[in-house]
Structure formats: structure tokens, C-alpha cells
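Visitor: Supplied in C-alpha cells, the structure appears directly below.
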Amino acid sequence: MARSGFSVSRLPGFATIAVLAFLALYLPILTLVVFSFNSEVTMGNWGEFSLVWYQKAWANAEVKDATLRSLTIASLAAVMSTVLATMAALGTTRRAAFKGQTLIYVMINQPLMVPEIVTAVALMIVFGMIRTLTGIHGLGYLILAHAAFCIPFAYLPIRARLEGMDLTLETAAADLYASPWMTFRRVTLPLLMPGIIAGAMLAFVVSLDDVVITEFVKSAGQDTLPTYMLGQLRRQMTPEINAISTGLLLITVLMLTAFFLLTRKND
């Protein structure tokens with residue numbers, strides 16, 4: 001009789017440890033969501049179920065400005081990082097292996113391996129020098145910073161999609177005298193599009209939730225929703241922050257769910 005393979009799920013106490021791990025991860029989030037519907041200002045007391053904090057957040061002009069700024073930055077950063085990540089993925093996969101390929105792969109994914117605060121400080125110094133030399137100020141620095149940080153997040157699903165694609169159709173198009181551009185536009189790009197969309201969604205979520213890089217690079221009056229929330233927490237904690245956090249959580253969950261369904265469908 002063949003021996004069954006080793007499975008960590010059969011170890012004693014596995015279920016208990018798994019439940020405790022999930023509780024540690026999600027119980028604080030669930031608590032935040034529940035208290036966003038609390039009518040009381042003090043989080044230690046439960047009054048009654050109410051949407052008053054969502055109404056106040058919706059009517060708050062600063063929240064609206066920060067939300068619009070966050071969505072603008074995340075959208076532009078996602079587009080820029082996805083375009084660059086697609087070009088990098090094509091350049092590192094659709095060709096024969098070459099010397100230094102591993103080094104290029106490491107350099108592209110550097111933001112994932114280096115602590116985020118190091119990247120934030122480096123970007124702050126570089127953009128500070130540019131501001132001093134040119135006298136140019138604006139939201140563009142924050143968009144560029146987010147795009148640079150999001151490139152590896154967009155690159156990984158796009159590269160994975162390329163590595164899983166069959167070259168037969170591209171080879172057939174070349175045999176039928178299609179130009180390289182025509183082959184890319186009519187064959188490669190449609191097959192690659194699910195990976196591009198998945199990479200763009202992941203980059204959007206990462207940019208939308210970013211605090212560290214934004215806090216170091218932004219100028220006065222350029223608060224995003226996460227940095228606005230951080231500033232409010234330093235002053236006074238109210239359930240309005242819970243309501244805003246729940247809204248951000250909902251957007252993130254929807255985007256990640258779409259990312260999961262898209263990648264699972266194509267797998």
C-alpha cells in the first residue's frame with residue numbers, strides 16, 4: 001500500500017493555530033467595520049446602529065478633496081507603472097536568455113526587497129533636488145513616486161502571463177508575413193491583456209493605500225486619503241476615521257477580488 005504524502009494540515013493543533021492566525025488578522029478589521037456604525041463618539045461605548053459617520057465623512061470637504069486626489073494619483077500611477085512594467089516584461093521574456101538578465105530582474109523588483117521607507121527617503125531627496133534646481137512644484141512628483149514604487153507590482157502578473165503564453169500563435173503570425181508590430185498588436189497584446197489588467201489593478205490598490213512614500217514626497221496641501229487619516233489620528237480619533245477606513249477597505253477588497261477572479265480564470 002502506497003504511503004500518503006506529508007501534509008502539514010494533519011499535524012496536531014494545525015486547525016487551532018490556523019483559527020487563531022485568522023482571528024489575529026481579521027478580528028481587528030471586523031472591529032473597525034462594526035464601530036464605523038456606532039452612533040457614539042467614544043469607541044468604548046456602543047450606542048446604536050447609525051450611518052451618521054458615513055454621512056459626516058461624505059459631507060467633509062477635506063475628505064472629498066483627499067479622496068479625489070488619491071484616485072487621481074492612483075489612476076495615473078497605475079497607468080504609468082503598467083506601461084513601463086509591460087515594456088520591461090516583454091524585454092525580459094520575449095527574447096533569448098542574455099548576460100545580466102537576472103540582475104535586471106532584481107533591479108526591477110528592488111522596491112519589493114528594500115524597506116519602503118528607504119525608497120521614500122531616496123525619492124524625497126531626488127525630488128527635493130529637482131524642485132530646488134527647477135523651481136517646479138506640483139502633484140507630478142507624487143505621481144512619479146507612486147508609479148516608480150508600483151512598477152514591480154504590475155510587472156509580476158504581466159511577466160507571469162507572458163511566461164505562460166504559448167509562442168505558437170506568434171510564430172504562425174510571423175510565418176504569415178505579419179510585421180513584429182502587427183504580431184504584437186493582433187496576437188500578443190490580446191493574449192497578454194488579462195495580465196496587464198491584473199497588474200494595473202494591483203498597482204492601483206498599492207498606490208491608493210500608500211502612506212510612507214506619500215508622507216515623505218508630498219508638499220503642503222497634497223494630502224491623500226491615507227495621509228489625511230493619519231493626520232486626523234494624531235489629533236482626535238473619531239468613528240469618522242472608521243467609516244473612511246471601511247470605504248477604503250471595500251475598494252481594496254473589490255479590486256483584489258477582481259484581480260483574483262481574473263487571474264484564476266486565465267489560469
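The values are calculated or read from the model by the stated rules, or taken from the named source; none is laboratory data. Quantities reported herein were computed from a predicted structural model and do not represent experimental measurements. With ideal geometry, Cβ positions are generated from the backbone for all residues, glycine too; neighbour counts draw on all protein chains shown.
Visitor: Sort out for me the helices (runs of 4 or more DSSP H) sitting completely within the stretch 150-267 that have 3 or more residues that are small (G, A, S).
Guide: So the answer is 168-175, 189-209, 239-266.
Visitor: Could you say which residue among T188, T252 is more than 20 Å from L68 (Cβ to Cβ) and either buried (at least 20 other Cβ atoms within 10 Å of the Cβ) or of a type in the set (S, T, Y) (or both)?
Guide: T188 is the lone residue from the list that is more than 20 Å from L68 (Cβ to Cβ) and either buried (at least 20 other Cβ atoms within 10 Å of the Cβ) or of a type in the set (S, T, Y) (or both).
Visitor: Mind listing just one residue for me: the one in the stretch 18-63 that is of a type in the set (G, A, S) and part of a loop (DSSP other than H, G, I, E, B) and, of those, surrounded by the most Cβ atoms within 10 Å (Cβ to Cβ)?
Guide: Among residues in the stretch 18-63 that are of a type in the set (G, A, S) and part of a loop (DSSP other than H, G, I, E, B), the one surrounded by the most Cβ atoms within 10 Å (Cβ to Cβ) is S36.
Visitor: Any chance the stretch 122-139 includes a residue that's charged (D, E, K, R), surrounded by 10 or more Cβ atoms within 10 Å (Cβ to Cβ) and farther than 21 Å from T227 by Cβ?
Guide: no
Visitor: Restricting the first residue to the stretch 149-160 and requiring it to be of a type in the set (G, A, S), which pairs with a second residue that is assigned to a helix (DSSP H, G or I) meet a Cβ separation below 7 Å and a spacing of at least six or different chains?
Guide: Here the result reads A154/S81; A154/T82; A154/A85; A154/G199; A154/A200; A154/L202; A154/A203; A160/G195, each pair linking the stretch 149-160 to a residue that is assigned to a helix (DSSP H, G or I).
Visitor: Between L123, L192, which is modelled with pLDDT of 85 or more and farther than 30 Å from T214 by Cα?
Guide: None of the other options fit; the residue is L192.
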